[in-house]
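The values are calculated or read from the model by the stated rules, or taken from the named source; none is laboratory data. Note that this is a predicted model, so its numbers are computed, not measured. Please note: Cβ atoms are built from the backbone with ideal geometry, for glycine as well, and neighbour counts cover all protein chains shown.
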């Protein structure tokens, strides 16, 4: 049988493949060990290979594409409806094989190693920030038990800790003072790691033309720009800026039926890290809006009169996502419009 489509269910050590011909008739169902995967696909005629976009998917997609196969990645939630029976590796591979053939299926762009490398730096930085926040909260909670309160703001922590440790009149026990010094050193090390990773991201940003282009948009800096460029392999994969904004979870959820439209809060689909960066950037723009006269500022002031600040923030993040798509697809640069009020 001439196999034209393969569903490839990946894991750490045991993999499952399910193949079908051009009519969709199953003709292959095989389990492979990790060391057998490349040899198996090297012997197959070039065909369409579907993989769920999970851990290791981009690596295997690049490897199989080097053998001449057309590899498509799909979000797992889009594959799940095609599982016809109880969940097992064979049923999952068959579902992947069925889903990848659907004409309306949405696919995930395959990332290259450079994109994955810079995104790894972003993830590591975010992990250090989370750990740093946890240490700060722990120190605050412990100090409150001794009647000492550190002012809000993470940048207030280091100077106040130094004063607390040097103050002999605060009656802190020697054991607790030693613990506080240990936690303080841990906080400083985490802070140093965050700053060093931010420096590496900015270096990558300066070397990327698309990242520098995106960073010209108000509300988008080097961190957001580099993360967007690394996550979006090809903006043309999205039919419009609105589709990319929907991919980022910046459009309303719908619960419509019978011709009655009901819009809810934002969907929060897609990459939560990218969405967080865009929303934080939009919030910074609103904070420094002032009396600016460009079209976006006028639109934001008008929108702020009738909507909640959080709604305005998400609206700006949505607009920025659409602008990013336009710049990447058309290859143009951002130009702030002045004069008339922008239409919402």
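Each row is one residue, and each column tells you yes or no for (1) at pLDDT 95 or above; (2) exposed (fewer than 15 other Cβ atoms within 10 Å of the Cβ); (3) assigned to a strand (DSSP E or B).
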site	(1), (2), (3)
11	no, yes, no
15	yes, no, yes
24	no, yes, no
28	no, no, yes
35	no, yes, no
49	yes, no, yes
55	no, yes, no
80	no, yes, no
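Run down 164, 118, 144 and say which single residue is over 21 Å from residue 274 (Cβ atoms), outside the structural domain of residue 57 (by TED's automatic domain parsing) and modelled with pLDDT of 90 or more.
The match here is 144.
Which count do you get for residues in segment 64-78 that are part of a helix (DSSP H, G or I) and under 15 Å from residue 19 (Cβ atoms)? Steps first, please.
First, pick out the residues of segment 64-78 that are part of a helix (DSSP H, G or I): 64-65, 76-78.
Those still in the list that are under 15 Å from residue 19 (Cβ atoms) too: 64.
Total meeting the criteria: 1.
Residue 136 meets each of the listed conditions (1) over 33 Å from the mean Cα position of the chain (by Cα); (2) surrounded by 15 or more Cβ atoms within 10 Å (Cβ to Cβ) apart from (1). Provide a single number: the residues in segment 177-233 that are under 18 Å from residue 115 (Cβ atoms), surrounded by fewer than 18 Cβ atoms within 10 Å (Cβ to Cβ) and without any contact (Cβ under 8 Å) to a residue 40 or more places away in the chain. Residues meeting the conditions: 6.
Residues of segment 239-249 that are under 21 Å from residue 335 (Cα atoms) and surrounded by 23 or more Cβ atoms within 10 Å (Cβ to Cβ): 244, 245.
So, in segment 268-277, how many residues would count as being part of a loop (DSSP other than H, G, I, E, B) and surrounded by 15 or more Cβ atoms within 10 Å (Cβ to Cβ)? The qualifying residues number 3.
What tally of residues in segment 37-47 results from selecting those that are closer than 13 Å to residue 66 by Cα and not in a loop (DSSP other than H, G, I, E, B)?
Residues of segment 37-47 closer than 13 Å to residue 66 by Cα: 38-39, 41-47.
Right, trim to not in a loop (DSSP other than H, G, I, E, B) and you get 38-39, 41-43.
Summing the residues that are closer than 13 Å to residue 66 by Cα and not in a loop (DSSP other than H, G, I, E, B) in segment 37-47 gives 5.
Looking for something surrounded by fewer than 11 Cβ atoms within 10 Å (Cβ to Cβ) and either under 19 Å from residue 241 (Cα atoms) or within 19 Å of the chain's Cα centre (by Cα) (or both) - is there at least one such residue anywhere in segment 320-330? So far as segment 320-330 goes, yes, one or more of its residues are surrounded by fewer than 11 Cβ atoms within 10 Å (Cβ to Cβ) and either under 19 Å from residue 241 (Cα atoms) or within 19 Å of the chain's Cα centre (by Cα) (or both). Taken as a whole, the structure places residue 153 among residues that are free of Cβ contacts under 8 Å to residues at least 24 places away in the same chain and either at positive phi or touching a strand residue (DSSP E or B) at 6+ places or on another chain (Cβ under 8 Å) (or both).
Scanning segment 145-176 for residues that are surrounded by 13 or more Cβ atoms within 10 Å (Cβ to Cβ) and outside any helix (DSSP H, G or I) yields a total of 4. Taking each residue of segment 290-318 that is within 23 Å of residue 267 (Cβ to Cβ) and looking for partners that are at pLDDT 90 or above and not in a helix (DSSP H, G or I) with beta-carbon atoms closer than 7 Å, six or more apart or interchain, yields 314/250; 316/219; 317/250; 318/250.
Please state which one of 253, 236 is surrounded by fewer than 20 Cβ atoms within 10 Å (Cβ to Cβ) and not in a helix (DSSP H, G or I). It would help to see each step written out before you state the result.
Working: 236 fails: not in a helix (DSSP H, G or I).
Result: 253 is the single residue among 253, 236 that is surrounded by fewer than 20 Cβ atoms within 10 Å (Cβ to Cβ) and not in a helix (DSSP H, G or I).
Going by the conditions given, is residue 265 surrounded by fewer than 11 Cβ atoms within 10 Å (Cβ to Cβ), more than 13 Å from residue 218 (Cβ to Cβ) and touching a strand residue (DSSP E or B) at 6+ places or on another chain (Cβ under 7 Å)? For residue 265, the condition - surrounded by fewer than 11 Cβ atoms within 10 Å (Cβ to Cβ), more than 13 Å from residue 218 (Cβ to Cβ) and touching a strand residue (DSSP E or B) at 6+ places or on another chain (Cβ under 7 Å) - is met.
Kindly check whether there is at least one residue in segment 125-140 that is outside the structural domain of residue 237 (by TED's automatic domain parsing), out of contact with any strand residue (DSSP E or B) (no Cβ under 6 Å at 6 or more places or on another chain) and either farther than 30 Å from residue 272 by Cα or not in a helix (DSSP H, G or I) (or both). I'd like the intermediate steps shown before the answer.
Within segment 125-140, the subset outside the structural domain of residue 237 (by TED's automatic domain parsing) is 125-140.
Among the residues that remain, those that are also out of contact with any strand residue (DSSP E or B) (no Cβ under 6 Å at 6 or more places or on another chain) are: 125-140.
Cutting the leftovers down to either farther than 30 Å from residue 272 by Cα or not in a helix (DSSP H, G or I) (or both) gives us none.
No, segment 125-140 has no match at all.
Restricting segment 234-262 to residues that are in contact (Cβ under 8 Å) with a residue 40 or more places away in the chain and touching a strand residue (DSSP E or B) at 6+ places or on another chain (Cβ under 7 Å), the residue that is nearest to residue 320 (Cα to Cα) is 250. Kindly check whether there is at least one residue in segment 210-219 that is modelled with pLDDT under 90, touching a helix residue (DSSP H, G or I) at 6+ places or on another chain (Cβ under 6 Å) and outside any loop (DSSP other than H, G, I, E, B). There is no residue in segment 210-219 that is modelled with pLDDT under 90, touching a helix residue (DSSP H, G or I) at 6+ places or on another chain (Cβ under 6 Å) and outside any loop (DSSP other than H, G, I, E, B).
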